[in-house]
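Notes follow the structure.
The values are calculated or read from the model by the stated rules, or taken from the named source; none is laboratory data. These figures come from a predicted structure and were not determined experimentally. Don't worry about glycine lacking a Cβ; one is built from the backbone with ideal geometry, like all the others, and counts go over all protein chains shown.
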Amino acid sequence: MFARGSGAGSARARNRRGRVGARVAGLGVTALVAVMALSGCSLGSVGSAFKGFGWPEGGVSDRSHRMYDLWVGSVIAALVVGVLVWGLIFWCVIRYRKRGEELPLQVRYNLPIEFLYTVLPFLVIAVLFYYTATTQSYVDKISKNPDVKVEVVAFKWNWQFRYLDANAAGADGQAISTIGTSDYVPVLVVPTNKSILFYETSKDVIHSFWVPDLLFKRDVFPGNVENKFQVTVDKEGSYVGRCAELCGAYHSMMNFEMRAVTPEKYERFIAARKQGMSTPEALQSIGEKAFATTTTPFPYDQQQRAAS
Ligand SMILES: [Cu+2]
């Protein structure tokens, strides 16, 4: 009699534990899905309160904000799962600590639990995959009619920027262009709040166009391969640009500056260039610093070092 009663009691306890486990796990999934679903509206503020959870400071384009939201959302989801797992571990450690020499009830083939821990990770991966894929396709998206088109020509060891729009043709009918030399850092002037499409080509080896503040870089290939990407810069300023692909002896000197100005200033800059002004003269004419402020040409740097 006693043995039968005890068996029924432990079966009930087992059932109850199973139900509690399933409920806790269900709550975890709901919290995770809710956090990811609500990500759009509140992630920015949550992320900034925690300094972006290690995401680099900056981010001056529409693309960079989307990537920031993906990062913050992923970290919050990971924290939710982490807290749930740590909670379950500590709950088990305390609730089922060793109380005697008797071997506790061994549970095997618990189908609901096995089903749960097969489905749950899949759900987590599916949600993360969805947000990663949509963010990636947004970052890679190119609109049919971008406001500004710029060709980026990379060569050992500098950059040329050609403003391709029909209204950006100079007096000779050629596209207005700025080219860097060993003692001139090329300044790429772009308007804010306009979609800018970059066409990238290389004259020799593989380079990589990188503006750290855009939180984005894209390789520049030689041959007839043309890499494209599009951004909308939403903050005026001077941003350093670098080559991010080891391309030879002076790779580290292959710098440029991206200068984001208001659309009105940008139009004036293009007009000044069309009248025959050089890039520094045109920049000065719109009230901007004539030369790069975020980096210096290599020879200048060498002289500075020798002098100091
Ligand atoms: Cu390079």
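Some values worked out for this structure:
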quantity: Some residue of region 244-253 being assigned by TED's automatic domain parsing to the domain that holds THR178 and assigned to a strand (DSSP E or B); calculated: no
quantity: Residue list for region 133-163, restricted to those being of a type in the set (Ser, Thr, Tyr), farther than 30 Å from PHE298 by Cα and either in contact (Cβ under 8 Å) with a residue 12 or more places away in the chain or in contact with a Leu (Cβ under 6 Å, 6 or more places away or on another chain) (or both); calculated: THR135, TYR138, SER143
quantity: Any hit, region 254-267, residues being out of contact with any strand residue (DSSP E or B) (no Cβ under 6 Å at 6 or more places or on another chain), under 22 Å from ALA169 (Cα atoms) and of a type in the set (A, V, I, L, M, F, W, C); calculated: yes
quantity: Test for LEU197: is it assigned to a loop (DSSP other than H, G, I, E, B) and out of contact with any helix residue (DSSP H, G or I) (no Cβ under 8 Å at 6 or more places or on another chain); calculated: no
quantity: Pair list, Cβ under 6 Å, 6 or more apart: region 67-94 residue among the polar types (S, T, N, Q), other residue in a helix (DSSP H, G or I); calculated: none
quantity: Restricting region 224-240 to residues that are touching a residue at least 12 places away in the same chain (Cβ under 8 Å) and surrounded by fewer than 17 Cβ atoms within 10 Å (Cβ to Cβ), the residue that is nearest to the ligand (Cβ to nearest atom); calculated: ASN227
quantity: Pick from region 191-220, criterion among the hydroxyl-bearing types (Ser, Thr, Tyr) and within 11 Å of the ligand (Cβ to nearest atom), ranking: nearest to the chain's Cα centre (by Cα); calculated: SER208
quantity: Pairs, first among the hydrophobic types (A, V, I, L, M, F, W, C) in region 113-132, second modelled with pLDDT of 95 or more, C-beta under 9 Å, six or more apart; calculated: none
quantity: Hits in region 151-173 - residues which are within 16 Å of the ligand (Cβ to nearest atom), in a strand (DSSP E or B) and in contact with an Asp or Glu (Cβ under 9 Å, 6 or more places away or on another chain); calculated: VAL152, VAL153, ALA154, PHE155, GLN160, PHE161
quantity: Some residue of region 178-186 being touching a Leu at 6+ places or on another chain (Cβ under 9 Å), among the small types (Gly, Ala, Ser) and either within 14 Å of ARG242 (Cβ to Cβ) or not assigned by TED's automatic domain parsing to the domain that holds TYR68 (or both); calculated: no
quantity: Qualifying position, being of a type outside the set (Asp, Glu) and modelled with pLDDT under 85, among GLY47, GLY87; calculated: GLY47
quantity: Residue in region 174-190 that is more than 15 Å from the ligand (Cβ to nearest atom), surrounded by fewer than 16 Cβ atoms within 10 Å (Cβ to Cβ), without any contact (Cβ under 8 Å) to a residue 40 or more places away in the chain and outside any strand (DSSP E or B) present; calculated: yes
quantity: Within region 254-264, tally of residues that are farther than 18 Å from HIS65 by Cα, more than 16 Å from the ligand (Cβ to nearest atom) and either in contact with an Asp or Glu (Cβ under 7 Å, 6 or more places away or on another chain) or part of a loop (DSSP other than H, G, I, E, B) (or both); calculated: 3
quantity: Residue within region 241-249 that is away from the ligand (no atom under 16 Å from the Cβ), out of contact with any Leu (no Cβ under 7 Å at 6 or more places or on another chain) and on the phi > 0 side of the Ramachandran plot present; calculated: no
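Residue-by-condition table, conditions (1) in contact with a helix residue (DSSP H, G or I) (Cβ under 6 Å, 6 or more places away or on another chain); (2) among the polar types (S, T, N, Q); (3) surrounded by 15 or more Cβ atoms within 10 Å (Cβ to Cβ):
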residue	(1), (2), (3)
MET253	yes, no, yes
ALA260	no, no, yes
LYS265	no, no, yes
ARG268	no, no, yes
LYS274	no, no, yes
ALA282	yes, no, yes
GLY287	no, no, no
ALA290	yes, no, no
THR296	no, yes, yes
